[in-house]
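For reference, the structure is listed below as structure tokens.
The values are calculated or read from the model by the stated rules, or taken from the named source; none is laboratory data. In this text, all values refer to a predicted model and were calculated from it rather than measured experimentally. Please note: Cβ atoms are built from the backbone with ideal geometry, for glycine as well, and neighbour counts cover all protein chains shown. Note: areas computed on protein heavy atoms with side chains; ligands, DNA, RNA excluded. Shrake-Rupley method; radii C 1.70, N 1.55, O 1.52, S 1.80 Å.
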Amino acid sequence: QGQLVESGGGLVQPGGSLRLSCAASGFTLDNYAVGWFRLAPGKRREGVSCISSDNITTYYLDSAKERFTIARDHDKHTVYLQMNDLKPEDTAEYHCVTGCSVVAGELTWHGSWGQGTHVTVFA
């Protein structure tokens, strides 16, 4: 019943980079699969990335592969999404989630949903 807190969003030019952070208040992320979804007006919700609790398994949206990297710092109880070579179509509100998993080739989640941090990529 704790909360997820995201940070790191902002305004960046195409080709730039941002690193999003996800931390938990009231519980630890260490025991959960943690991932990122994004929401944008006029678009379907997209599952961007997910990392298992043991860091063995990762998932990336096809359009994010080779540009985004998800990582976990157990000492800081934080999950990061490093986003490189950002494109205008990456503009969205990014939400951290717990309990992510891949079903039928798409990311789903069953857990907590964070408040979001906005990323704007402006040409």
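Some points to look at:
- Yes/no for residue 64 being without any contact (Cβ under 8 Å) to a residue 40 or more places away in the chain, of a type in the set (Gly, Ala, Ser) and open to solvent by less than 50 Å² (accessible area, probe 1.4 Å): yes
- Within region 42-54, being open to solvent by less than 50 Å² (accessible area, probe 1.4 Å) and closer than 19 Å to residue 78 by Cβ holds for 48, 49, 50, 51, 52, 53.
- Residues satisfying the stated conditions in region 87-123, i.e. surrounded by 19 or more Cβ atoms within 10 Å (Cβ to Cβ), farther than 11 Å from residue 37 by Cα and at pLDDT below 95: 112
- If only residues of region 26-39 that are of a type in the set (Gly, Ala, Ser) and open to solvent by 20 Å² or more (accessible area, probe 1.4 Å) are counted, the one that is nearest to residue 92 (Cα to Cα) is 33.
- Within region 80-111, tally of residues that are among the β-branched types (Val, Ile, Thr) and under 11 Å from the mean Cα position of the chain (by Cα): 2
- Filtered by the rule that a residue be under 18 Å from residue 109 (Cβ atoms) and open to solvent by 60 Å² or more (accessible area, probe 1.4 Å), region 1-25 gives 1, 3, 5.
- Answer from 18, 29, 4 - the residue that is more than 16 Å from residue 112 (Cβ to Cβ) and not β-branched (Val, Ile, Thr): 18
- Evaluation of residue 84 against (1) buried (at least 19 other Cβ atoms within 10 Å of the Cβ); (2) in contact (Cβ under 8 Å) with a residue 40 or more places away in the chain; (3) over 17 Å from residue 4 (Cα atoms) (one fails), failing number: (1)
- Residue 38 modelled with pLDDT of 95 or more and more than 20 Å from residue 110 (Cα to Cα): no
- Residue satisfying condition, being farther than 22 Å from residue 7 by Cβ, surrounded by fewer than 19 Cβ atoms within 10 Å (Cβ to Cβ) and polar (S, T, N, Q), within set 57, 69: 57
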